[in-house]
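Engineer: I have a structure here, written as structure tokens, and I will follow up with some questions on it.
The values are calculated or read from the model by the stated rules, or taken from the named source; none is laboratory data. Every value quoted in this text rests on a predicted model; they were computed, and no experiment measured them. Accessible surface is based on the protein model in full, side chains and every heavy atom, while ligands, DNA and RNA are left aside. Shrake-Rupley method; radii C 1.70, N 1.55, O 1.52, S 1.80 Å.
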Amino acid sequence: MKEFILIFRNSTNPHDNPSQEQLQERMNWMGGIAARNRLADKGNRLSAGNAKTIRPGNVVTDGPYTEIKEYISGYMIVKTATIEEAIELARNNPILKDGGNIEVRAILGPEEGDHRP
């Protein structure tokens, strides 16, 4: 099995907390992944307010990316045989119903290089 990180993004207010219904739907989705023994790390939500970006020249700015309209709201790590299987797990995430998106990336081990096309 390989590990893949699912990076959750949304374009709504990054400081909003999910409603009880949204939270339950997300927990049910994650529970289904855990029940199939595909959950490597449940991850966590990420702060948008307590964040800084360091740029070349030692320039420090507030927030993760002030020039974009999307926020990275959290992540989790799944284990599947292929990236296609990881994508299938991600397709059922409720964040997609709310206009969010999910980036799926393979986590490379120390012996693996970044095999770019």
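Engineer: Amide H of residue 107 versus every other amide H placed in the peptide plane: which residues, excluding those fewer than 5 positions away on the same chain, fall under 5 Å?
Structural biologist: Residues meeting the criterion, in which the H sits 1.01 Å from N, are 3, 4, 5.
Engineer: Let me ask something else. Considering only protein heavy atoms, with the full assembly of protein chains and a 1.4 angstrom probe, order 76, 1 by accessible area, largest first. Walk me through the numbers on the way to the answer.
Structural biologist: Details: 76 0, 1 145 Å².
Descending accessible area places them as 1, 76.
Engineer: In terms of modelled amide H atoms, which long-range or inter-chain residues lie less than 5 Å from the amide H of residue 51?
Structural biologist: Placed amide hydrogens put 63 under 5 Å from residue 51.
Engineer: Could you sort 60, 104 by their accessible area in this structure, using a 1.4 Å probe and putting the largest first? It would help to have the intermediate numbers written out before the result.
Structural biologist: Values: 60 85, 104 30 Å².
Solvent-accessible surface, decreasing: 60, 104.
Engineer: Taking amide H positions as placed in the peptide plane 1.01 Å from N, state which residues far from residue 43 in sequence (5 or more) or on other chains have amide H under 5 Å from it.
Structural biologist: Long-range HN contacts for residue 43: 77.
Engineer: If I ignore ligands, DNA and RNA and count only protein heavy atoms, how much of residue 41 is accessible to a 1.4 Å probe, in Å² to the nearest 10?
Structural biologist: 70
Engineer: What translational diffusion coefficient, in µm²/s and rounded to a whole number, does the Stokes-Einstein relation yield for region 2-106 at 4 °C and a viscosity of 1.567 mPa s, taking the hydrodynamic radius as the Kirkwood radius over Cα pairs? Before the final figure, lay out each step's value.
Structural biologist: Working: Rh = 14.8 Å.
Stokes-Einstein gives a translational diffusion coefficient of 88 µm²/s.
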